[in-house]
Structures are given as C-alpha cells and as structure tokens.
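Beneath this line is the structure, given in structure tokens, with notes to follow.
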Amino acid sequence: MSSLPATVSGVNAAGVPVPAEDLAKFLTFRVGGELFGIPALAIQDIIGPQRIARIPLAPPFVAGALNLRGRIVTAIDMHNALGMPKSEKTRKLNVVVRTGAELYDLLVDDVGDVIALSMNDLEPNPVSWPESWRAFSAGIFKLDDQLLVVLNFDALLSSQTKSTLQ
Amino acid sequence: MLDSELVKFERDPTSGETLKVIFRVMHTIKGTCGFLGLPRLEKVAHAGEDVLVKYRDGELSATPQSVTVILKCIDRIRSIITELAEKGSEPAGDDSELIAQLKAAAAGKLEIAPAASEPTKAKSKKKDQAEAKEPPANEPPKSDDGFPVAAELMAEIEAAMAKEKAAKEQASEPATPLPVPVSSTPPPAKIEPATTKLEPKAAEAAKAGDAKAATQSIRVNVEVLEHMMNLVSEMVLTRNQLLQMVRGRDDSEFKEPLQRLSRVTTDLQEGVMKTRMQPIGNAWQKLPRIVRDLSTASGKKIDLQMVGAETELDRQVLEMIGDPLLHMVRNSADHGLEGPEERLAAGKGEVGTVRLMAYHQGGHIIMEITDDGRGLNTGRIRQKIVEKGLATQAEWDNLSDHEVHQYIMRAGFSTAEKITNVSGRGVGMDVVRANIEKIGGTVDFRSVQGRGTSFTIKIPLTLAIVAALIVEAGDERFAIPQIAVNELVSASAGAQHKIETVKGAQVLRLRGRLLPLVNLRKLLKLDTPSDTEVDRDGFVIVAQAGNKVFGIVVDGIYDSEEIVVKPVAPIIKGITHYSGNTILGDGSVIMILDPNGVSEAVSEAAANVVATDATKAALEAEKTSLLLFSTGAGAIKAVPLGLVSRLENFPLTDLQLNDGAALAQYRGKLIPIASVSPDFVWKTEGGQPALVFTDQ
C-alpha cells in the first residue's frame, strides 16, 4: 500500500485547501498498475484475501462468490472487467461495494488511502480512450504524480452484463 | 372471515354461534362508520344488519337468495373500504338498489310472498350473473386484496372498540331502535324482546374484543424477520465452528458454556422459524365463498370439506400456493363435479364433494384436492391429443391411461366442452404445475372415470431451509435439492450398473430402463481430463424434474445437509442451472443446482451430441471390449468381454474328467468345461485358470 499517493485529506490535487462541502471522498485502489477511485460512501467493507468459490458457467468477469459474514457476495474479477491482462498476483484484496440492495466484491491488486478531492477538479474522460473505458469512468482527477480514474461501478456492471449477453 | 362464516351459516342456519359472529362483525362496521362519519358505508351495513337481526331472532330463516343478497352487501362494503383505504374518502355511488333488496329480504318478502318477490328475485339473479361475468365492474381491481384490508381494519376497529367500551355501548343504543322505521312489517311488540336481547350480545362483543386484546400480538415487518433469520443461520454456523474447535479437548473450560450456547442457539433458530409459519387455513379462506358463488352460478350442489386447516407452513410458501390452489379447487368444482341430474343418473348423491386435505409428511406438506365427480375422460383427452397433433397415432396407442392424463398439464390443453367464466380456457394446469415446481413442490394426480379425480401437491415446509445432497464434480461442490433426488446409483465398469454410450449420449441401464445421463462436470464446463474419454466410473444421481427422470453423473457424493437457500446475484440469474446458492457449515459458498434447468440441458446436450457427433458415435457404438488370453501355443486369443461373467482359477480337485469332457464344481453346480484347442494340455498341479461364460 506504500506505493500509493499520500494525499492529505482536505487538500485538493493542487495542494490548496478547499472548503469541506465541495469535497468528495474516494477510496483508491490499484488494478493492473492503474489507479482507480470509488466514492467512499459506496464501500461496505475492505477485506484481505478470501476463499472464492467458482461459479461455473458464469460470465468471465464474475470471479465467483464469497461468504461475507453470512451474506453471499458476488466477486468481480476487475482485471477481466476492465479488459486488462490476467494478473500474476494470486492474493488479491477485496473491496466490497454496495449498489442498491446488492453487494459486489471487487478483486483488486492493492488498496490505498481514502482521499478527499474537490469535485471542481474532476476532468472529463479523454476522447482518445476506447469506448469500453469511457463507459465506466466518471472522469479523471489529476493527482500530483499520477491520474486517478473515477470508477462508476454500476455502469461497469451493466456494460459487462450487456456484452456478456451479446 | 365474514365470507366463510356466512357460507357456513347458510349450510347450517341453526348455528347460533356462527350467526353471532357475523352479526357482531356487521354491527361493528356499522357502529364505527357512525363514529367516523361514513354515511354510505353505514347505510349499507345497516341494511345488512337488519336482515341479520331477523335471522338471529328467528323471525326468518336463511335462504340461498337472501344469503346472496347479504354476500353482495359485504362485497359492497369491501369495495367501499378498499377505495377508502386508497383515496382516504368514501367513494360516491348509489346503493339504493342493494338497500332495497336488503330491505325486501329483511321484510321476508323474498320468501313469504313469492309472487311479489318475483321481480326482485329475477333482478337479483340477473345481477348475480352480471357480477359473475364481470366482477371488475362491481369491485375495484384490487378486490382480492381488499379482504385483508377489511380484516385488518376490523381488527383495529375491534381493538379500538374494546378500549372505548362505554362509547360503544352508547353507540349501539341508538343503533338498535333503528330497525323500527326501516322494516315496518313486523309488529312493534316484537321489537321489545329484540332490544333487550341485544344488550347481553353487545356486552359479549365487548368481551370478545377484550379477549382479542389479551392474546398479545404485534405486527412485525417481514424484512425484520428475514434479517433475523439470516443472523440466526449465521449464528448456527459460528456455533458449529466453535463446537468443532472444542471437540478435540475434553478439559476445555469452554465446554459447558458452549453447550448452553448451543442449546439456546437451537431454540432460537426454531423460534425464528416459527415466526414465519402460518396455518394453511389462511390460504383457504377465500375458497368457501368462491365455491358457493360457483355453485349458485352453475346450479351444482357442492359440499366443500376442509381438513387440516391448522397445518402450518412458511409464509412465503403460503403466498405462492394461493393462486394455484384457487385454480385447482375451481377446476374440481367446475369441470370435475357434475350437475345434480347427471349425478343422480350416475347413481351418486345429488351433492358433489370437493375435499381439501393438508397434513405434514416427512418435512413436506401434502395437500390433496379430491372430488367425487366424473373424473377425467380418457377418451376425450386421447381425441384432443390427436387433434392437436401432440402425439402420433403409434405413440398414443401405447400410452397408459395415467400417461394420457398427464397431458392436461400441458399448456393450452383444455377438454372443457364450453368455456365458462370460471375455467376452461386451457390456461391452467400447466401454470399450476409451473408455480408449484417453482417452490420446489410436485403435483401428481389420479383419476378414475366416473369416480372422480384426486390431486396431490407436495410442497416443502419452508423455502428458506431445504434438505440437499452435497455432491462433487471437477473439484467443486454443488447442492441438489433432496426432493428431486429419487435414488443414488454407483456406476463402474465392473459393477452391476454401468454407464454405456448410445450414439454418443451416455445412458445407464437401470432395472430394465434406459436412463439418460448428463455429466455434471461437462455440463458446467469444468475441466475435464479429455473430452473424448468416456467416464465409466462415478455416481449417478437419479433425479426427477416434472415427469422427466434422468441421471446426473458426479465425481463424488458427500452427504445430505440442511441448507439455507439464498437467491443468486442478479448478474448470474440468467444461468438456468442454478436455483440459488448457500453457505455450508464450514463457511464455504456453493451453488444449488436446479433440477428443472439441468433437465432442459440434458435434452439439449443429447440433441447436440446426436447432431454433431453422429459419425463418431456410430464408430464408437461398433467398438466392443474384448478379453485377451493365451492358451497353449499360438497367438493370443480374445473373447467379447460382455460374454464373460467371471475369471476363475479352479483347484484341480474340483475338476472331473469324464470321457474327455471336463466338468467343474462351481458355486454348488456342475458346469461343463471346454478346452480352446484340441492340443490343449491340462495343468497337472496348482489350479486351472478358466473363463466362466454366461449364456443368456
């Protein structure tokens, strides 16, 4: 987790303090070398490596299911869902997000800090991105040393489900 | 409640207890409406009450006509209440005709002066028919749901009444003299006893209200219960883990508290389960009224018997069987039972019986719906099958009666000669079966022409917990609902049952029948060592889905476990092979197989195999296993393995040589021994190896 940016909460990407109302908190995590952020309010749990039961015949982006304190949560293989090559790493961390009444577990390589960013600094998706990336990205934050892609998980889920059906 | 009580009352007009209940409810409605300022509701309830007063005082006796009018009055009250609940105000409408009818009934005109009542009767009958044909016109679309609303309202009203007993008595005081101006026919002298009689009745009503309040109950949101259920299952799992940890150590100080915890957890689980249970009678409540309406509309005489209404089952199951049940009872009453003349002609009693029975049996609820009507007309069904081209002549010639009957479960299949407003459109039994199978139940039925039909529905007690068989395929574990499992067969090349391949599809010979097989590992596309290799070893689960029996080949079978069924995530809902998933005692997540989904896959797989692998399959079918052996000089020899029953090594003492022919003692019998070639040399010491053949 040390490789992740240590942005101080309440300070925007440019290092200027911003009023608290404009700030949105994001949990940062890494998938295949890229840095992603997801609204912290949607996070239910962050847990260490878990035993994940395979679901035969399920779409490839579904890694399986796991037992989260008595609830069965579907695990999403983020590498597959984001169209990245299979990761070497076997012990992945689990970020459990809530969408509606459902819980989904995102298998990620690394989890970083929760950082507060001003929504004013959110930049639109680059036009050069492939269609599939523009579908799930809600925009980009320019951090000091790298870019943070804001993940719209609902959009990712529906675009993946659609492409599986086709 | 009022509906079933009234129907009960009609059948037994002397039952004072039933009448009391009806009267009390009607009176409560009226009294409360007076309070709340709902004039329309009050007027209708009041007119209805007038008629009931006459019954109670013995001035009139109940007749089907007058009960119909009262039922109509209750319908009207119900529809007003439904709208009231929706809009918060009394809907506008004209009840004068209904009130006039009620008044006529109260005056006894419906019976006393048949000539004068003729128009009323005709009118009521006409209205009855109109009502039957287009119920939505008279009632708002939510009429079915209207009942619970009314019942709850009634409960609330009663509770409120109990609190304000004094106020209620006051309210009933002015209410009682009211019959005087309305029904002017009875002499005033008769009102005196009526009023005095009512006093203790009102007190009794209040007492009943008290009793209801005393049986303390609260309403709990179902979601809260579901959540509790989840937590309790989780607690049971944790308890199991703890027990396992302590089991190895005798001296553990945790042992005793853990045992206590264990017991409490078990009790808690049972307690929470119980909160979800409801008597099946709740699903039956609507039936008496429906059967009554049907009998008036069709002119049949029907006796609806209900046995075992107190049998409890899960709320969720109860909700899901309501509609199928309704349909089946209607079917029995409308199609099954004959009219009175036909029954008499057939030498049966005039009154037909529809009997509902519910009881527990081995973790399931069995419900039987039996009628003593005409039974299924096998000839007509056969005729229909051919008409619709569902089977070829050759096929249906071979069908047994029972198999022919199964066709009524198909979509669009109706043998009713005419479509009535009740049933006969051919959308029916297939939907019933689909609904019942959805909750893991089965439907079966027997019918004897001329004697009646009996449907048997088998449903699980609860949807939340089912017994399931845990099996293994390709290193993954799966659960198969026990209700779908008929038997388990161990299959291997040497065993009694072996898996064979016919045209590329695997089959198992089981008691003279060929059972289609599906290999779970292949079905779920789990890693297979090699696709061409035909598995000859494994366990076969003989499963049933609907009428289809098939075998599922698995690598291993663990044991039977009670599992808590949880729905699958929306993104994998599309996979029909699963009906849910669950967490096992050790905390691992496994998928629950849906026998119906798997059975569909079986037929598809079989079709695919035949289509794509036809040539390969043909080659494979020609292959025969051979047993190789050597004897004397010369080349190795072979015999078809299928002919060999055993390999034996006979001690020389068991062999007898007679005139060059050899005999051997074998399992208490003498069997002839043939030598392979003329230059064969018998062994002189040790044993003589031999192949034992069976000639069949």
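The values are calculated or read from the model by the stated rules, or taken from the named source; none is laboratory data. Please read all numbers here as calculations on a predicted model, not as lab measurements. Using ideal geometry, Cβ is built from the backbone for each residue, glycine included, and neighbour counts are taken over all protein chains shown.
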Looking at the range B:231-252 only, could you name the residues that are over 18 Å from B:K274 (Cβ atoms) and in contact with a Ser or Thr (Cβ under 7 Å, 6 or more places away or on another chain)? B:R239, B:L243, B:V246
Can we say B:A333 is touching a residue at least 40 places away in the same chain (Cβ under 8 Å) and crowded, with 21+ Cβ neighbours inside 10 Å? yes
Residue hits (the range B:255-276; more than 29 Å from B:L461 (Cα to Cα) and free of Cβ contacts under 8 Å to residues at least 12 places away in the same chain) are B:K255, B:E256, B:P257
Filtered residues of the range B:587-602 (kept if out of contact with any Ser or Thr (no Cβ under 9 Å at 6 or more places or on another chain), more than 9 Å from every other protein chain (Cβ to nearest Cβ) and in contact (Cβ under 8 Å) with a residue 60 or more places away in the chain): B:V602
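If I filter the range B:342-355 for residues that are within 16 Å of B:R446 (Cα to Cα), in the same structural domain as B:Q449 (by TED's automatic domain parsing) and surrounded by fewer than 24 Cβ atoms within 10 Å (Cβ to Cβ), do I get at least one hit?
Yes, because at least one residue in the range B:342-355 is within 16 Å of B:R446 (Cα to Cα), in the same structural domain as B:Q449 (by TED's automatic domain parsing) and surrounded by fewer than 24 Cβ atoms within 10 Å (Cβ to Cβ).
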Can you give me the number of residues within the range B:434-461 that are aliphatic (A, V, I, L, M) and assigned to a loop (DSSP other than H, G, I, E, B)? 2
Out of the residues in the range B:575-586 that are facing chain A (nearest Cβ under 7 Å) and either of a type in the set (K, R) or in a loop (DSSP other than H, G, I, E, B) (or both), which is nearest to A:A58 (Cα to Cα)? B:I575
Single residue of B:V554, B:V540 found to be modelled with pLDDT of 80 or more, among the hydrophobic types (A, V, I, L, M, F, W, C) and touching an Asp or Glu at 6+ places or on another chain (Cβ under 7 Å): B:V554
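Looking only at the range B:231-243, filter to residues that are among the polar types (S, T, N, Q) and at the interface with another protein chain (Cβ under 10 Å from one of its Cβ atoms); which one of those is surrounded by the most Cβ atoms within 10 Å (Cβ to Cβ)?
Among them, the one singled out is B:S233.
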Looking across the range A:87-138 at residues that are among the small types (G, A, S) and over 16 Å from the mean Cα position of the chain (by Cα), the single one that is surrounded by the most Cβ atoms within 10 Å (Cβ to Cβ) is A:S118
Could you tell me which residue of the range B:216-230 is nearest to the other protein chains (Cβ to nearest Cβ), considering only residues that are in a helix (DSSP H, G or I) and out of contact with any Ser or Thr (no Cβ under 9 Å at 6 or more places or on another chain)? B:N230
Can we say B:G322 is over 18 Å from B:L287 (Cβ atoms), out of contact with any Asp or Glu (no Cβ under 6 Å at 6 or more places or on another chain) and at pLDDT 80 or above? no
Among the residues listed as A:T90, A:T74, the single one being of a type in the set (S, T, Y) and more than 10 Å from every other protein chain (Cβ to nearest Cβ): A:T90
So, in the range A:46-63, how many residues would count as being outside any loop (DSSP other than H, G, I, E, B) and either at pLDDT below 90 or within 14 Å of another protein chain (Cβ to nearest Cβ) (or both)? 4
Which pairs turn up if I take residues in the range B:472-484 that are more than 11 Å from B:I541 (Cα to Cα) and within 12 Å of chain A (Cβ to nearest Cβ) and look for partners that are part of a helix (DSSP H, G or I) and not basic (K, R) with beta carbon separation below 9 Å, at least 6 apart in sequence or on another chain? B:A473/B:L520; B:A473/B:L523; B:G474/B:L520; B:F478/B:L520
So which residues in the range B:306-325 are surrounded by 15 or more Cβ atoms within 10 Å (Cβ to Cβ) and in contact with a helix residue (DSSP H, G or I) (Cβ under 7 Å, 6 or more places away or on another chain), if there are any at all? B:M306, B:A309, B:L318, B:M320, B:I321, B:G322, B:P324, B:L325
Any residue at all in the range A:71-86 that's buried (at least 18 other Cβ atoms within 10 Å of the Cβ) and without any contact (Cβ under 8 Å) to a residue 24 or more places away in the chain? yes
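Go through B:S66, B:S4 for me and flag whichever is buried (at least 22 other Cβ atoms within 10 Å of the Cβ), of a type in the set (S, T, Y), modelled with pLDDT under 75 and within 15 Å of B:D293 (Cα to Cα). Steps first, answer last, please.
Details: B:S4 fails: buried (at least 22 other Cβ atoms within 10 Å of the Cβ).
Step by step, each of B:S66, B:S4 is checked, and only B:S66 is buried (at least 22 other Cβ atoms within 10 Å of the Cβ), of a type in the set (S, T, Y), modelled with pLDDT under 75 and within 15 Å of B:D293 (Cα to Cα).
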Of everything in the range B:256-281, what is surrounded by 14 or more Cβ atoms within 10 Å (Cβ to Cβ) and either over 30 Å from B:T238 (Cα atoms) or not polar (S, T, N, Q) (or both)? Give them in sequence order. B:L258, B:L261, B:L268, B:V272, B:M273, B:R276, B:M277, B:P279, B:I280, B:G281
Just the residues that are away from chain A (no Cβ under 12 Å) and in a loop (DSSP other than H, G, I, E, B), please, taken from the range B:553-574. B:D555
In the range B:282-305, how many residues are surrounded by fewer than 17 Cβ atoms within 10 Å (Cβ to Cβ) and under 24 Å from B:G440 (Cβ atoms)? 1
Where a residue in the range B:8-32 is within 17 Å of B:L304 (Cα to Cα) and surrounded by fewer than 21 Cβ atoms within 10 Å (Cβ to Cβ) and its partner, wherever it lies, is of a type in the set (A, V, I, L, M, F, W, C) and at pLDDT 70 or above, with Cβ under 8 Å and at least six apart: B:E10/B:V67
By residue number, the members of the range A:114-166 that are of a type in the set (A, V, I, L, M, F, W, C), without any contact (Cβ under 8 Å) to a residue 12 or more places away in the chain and within 14 Å of another protein chain (Cβ to nearest Cβ) are A:L165
